[in-house]
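One structure is given here, and the rest of the page talks about it.
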Amino acid sequence: MNKLPVGYTTTGQIDKMKEFIGKLAEENAAEVKVNYILDWLIKFDIKQVNNETIDQIVGLAEIAEDKSKIALIDLLRLVVLDEQQAEYIFTYHWNLIDICVIGYVEAQDLKDKEAKVMHNYHLASFKLLTNAYQTKNGRRHMQDFAKGTQLVEFCIKSLSSCN
């Protein structure tokens, strides 16, 4: 039985994501390398994201803000469903998860009902971490004591907000 990713994404949503990330990459080409992202967006095959493209997605996510960062975290939510990609992300890009996902969300007031962008960011982050458990490699990394402790703290903050 095939599992659908948490927050299943429709073809229309994929098309919007593809267009949004393409524009974002082009706008930031002077600041970060995006050549692999732009090439990959042409075919937009989630199962065929190579490590160089992941590196550039992460680089773009590190400088992105608000809706742009949400879109990139949402893209990584889908990418992490592949065993090899999950292994690569959690081995080489844990800092993104640590700082931009877990740390950033933990530093926010999730009970502020007016903070719509933050709530969307929180939801995308929660879905990314949830999807990590859909792969053997993701589960293995998240069961590491330090990473697991961060995940539990994230969940406590996340679930206590329930906004």
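Among the conditions (1) in contact with a helix residue (DSSP H, G or I) (Cβ under 6 Å, 6 or more places away or on another chain); (2) over 24 Å from residue 84 (Cβ atoms); (3) hydrophobic (A, V, I, L, M, F, W, C), the only one that residue 115 does not satisfy is (1).
Residue-level analysis places residue 101 among those that are surrounded by 18 or more Cβ atoms within 10 Å (Cβ to Cβ), without any contact (Cβ under 8 Å) to a residue 60 or more places away in the chain and in a helix (DSSP H, G or I). Whenever a residue of the range 68-92 is more than 21 Å from residue 24 (Cα to Cα), its partners that are of a type in the set (D, E, K, R) and in a helix (DSSP H, G or I), lying with C-beta atoms within less than 8 angstrom and at least six residues away or across chains, give the pairs 82/47; 83/136; 90/147; 92/55. In the set 90, 154, only one residue is buried (at least 16 other Cβ atoms within 10 Å of the Cβ), farther than 23 Å from residue 53 by Cα and not polar (S, T, N, Q); that residue is 154.
Considering the range 22-53, the residues that are of a type in the set (Val, Ile, Thr) and touching a helix residue (DSSP H, G or I) at 6+ places or on another chain (Cβ under 6 Å) include one that is surrounded by the fewest Cβ atoms within 10 Å (Cβ to Cβ), namely 46.
Each reported figure results from applying straightforward, stated rules to the coordinates on display, with no laboratory input. All of these numbers come straight from a predicted model, not from anything done at the bench. Virtual Cβ from ideal backbone geometry, glycine too; neighbours counted across all protein chains shown.
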